[in-house]
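A short worksheet on the structure shown next.
The values are calculated or read from the model by the stated rules, or taken from the named source; none is laboratory data. In this text the structure is predicted, and so the values were computed from the model without any measurement. A quick note on method: Cβ atoms are made from the backbone with ideal geometry, for glycine too, and the neighbour counts reach across all protein chains shown. Please note that ligands, DNA and RNA were not included when accessible areas were found on the heavy atoms of the full protein model with its side chains. Shrake-Rupley method; radii C 1.70, N 1.55, O 1.52, S 1.80 Å.
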Amino acid sequence: MRKFKFTINGSKYNVSIKDLEGNIANIEVNGTPYEVEIDQEVKVQKTPRLVRKSVVNTINDSAILKKNTTVSGYKVEAPLPGNIFKLKVKEGDNVKKGDVLIILEAMKMENNILSEKDGVVSKIHVNEGDAVLQNDVILEIQ
């Protein structure tokens, strides 16, 4: 229903269009109903309705799954979520405290992951380009 206010020869009229079918309109002027014929073509605007198929989620779709790892040595974890940019060591390498093990890219910054103890790299759980979450085990040191 559309409402209009008209002033004709100084008189004010409140007009409501109740129904429009073809070129016949049912209107109400100051509370009095009228049926009028419109001489020109009337374009009726329709609001488009978006129709989508329903989405069915499987059980694992909505959860972020952590990497499942078993750790036997000292574990080096990701300090924040990011991508493994570069592996600086390989399995079997001797490392000392303070050596750069991995470069982690997070928030467009390269972060050096340092060794916290001396030892031998026994297992690497990630590859270059892998995405990791905070506290994911990256590698192990014996």
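Has segment 81-92 got any residue that is without any contact (Cβ under 8 Å) to a residue 24 or more places away in the chain and among the hydrophobic types (A, V, I, L, M, F, W, C)? First the steps, then the outcome.
To start, the set of residues in segment 81-92 that are without any contact (Cβ under 8 Å) to a residue 24 or more places away in the chain comprises 88.
Next cut, among the hydrophobic types (A, V, I, L, M, F, W, C) only: none.
No, that holds for no residue.
Of the residues that sit in segment 102-117 and are more than 15 Å from residue 129 (Cα to Cα) and open to solvent by less than 20 Å² (accessible area, probe 1.4 Å), which one is nearest to the chain's Cα centre (by Cα)?
113
Could you tell me which residue of segment 1-23 is nearest to residue 37 (Cα to Cα), considering only residues that are charged (D, E, K, R) and loosely packed, with under 10 Cβ neighbours inside 10 Å? It would help to see each step written out before you state the result.
To start, the set of residues in segment 1-23 that are charged (D, E, K, R) comprises 2-3, 5, 12, 18-19, 21.
Remaining after also requiring loosely packed, with under 10 Cβ neighbours inside 10 Å: 2-3, 5, 12, 21.
On the way: 2: 17, 3: 18, 5: 19, 12: 22, 21: 10 Å.
Taking the candidates together, the pick is 21.
Residue pairs, Cβ under 6 Å, 6 or more apart or interchain, first in segment 8-32 and on the phi < 0 side of the Ramachandran plot and touching a residue at least 40 places away in the same chain (Cβ under 8 Å), second of a type in the set (Phe, Trp, Tyr) and part of a strand (DSSP E or B). List them.
none
Please verify whether residue 30 is in contact with a Lys or Arg (Cβ under 8 Å, 6 or more places away or on another chain) and either at pLDDT 85 or above or among the hydroxyl-bearing types (Ser, Thr, Tyr) (or both), treating the condition exactly as stated. Walk me through it before giving the result.
Working: in contact with a Lys or Arg (Cβ under 8 Å, 6 or more places away or on another chain): no; either at pLDDT 85 or above or among the hydroxyl-bearing types (Ser, Thr, Tyr) (or both): yes.
Criteria not met by residue 30.
Matching residues to (1) closer than 30 Å to residue 124 by Cβ; (2) within 36 Å of the chain's Cα centre (by Cα); (3) modelled with pLDDT of 90 or more:
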| residue | (1), (2), (3) |
| --- | --- |
| 2 | no, no, no |
| 5 | no, no, no |
| 26 | no, no, no |
| 41 | no, no, no |
| 48 | no, yes, no |
| 52 | no, yes, no |
| 60 | yes, yes, no |
| 76 | yes, yes, yes |
| 81 | yes, yes, yes |
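Six or more apart or on different chains, Cβ under 6 Å: which pairs go from a residue in segment 123-142 that's on the phi > 0 side of the Ramachandran plot to one that's open to solvent by 10 Å² or more (accessible area, probe 1.4 Å)? Could you list them?
Final answer for the pair search is 135/77.
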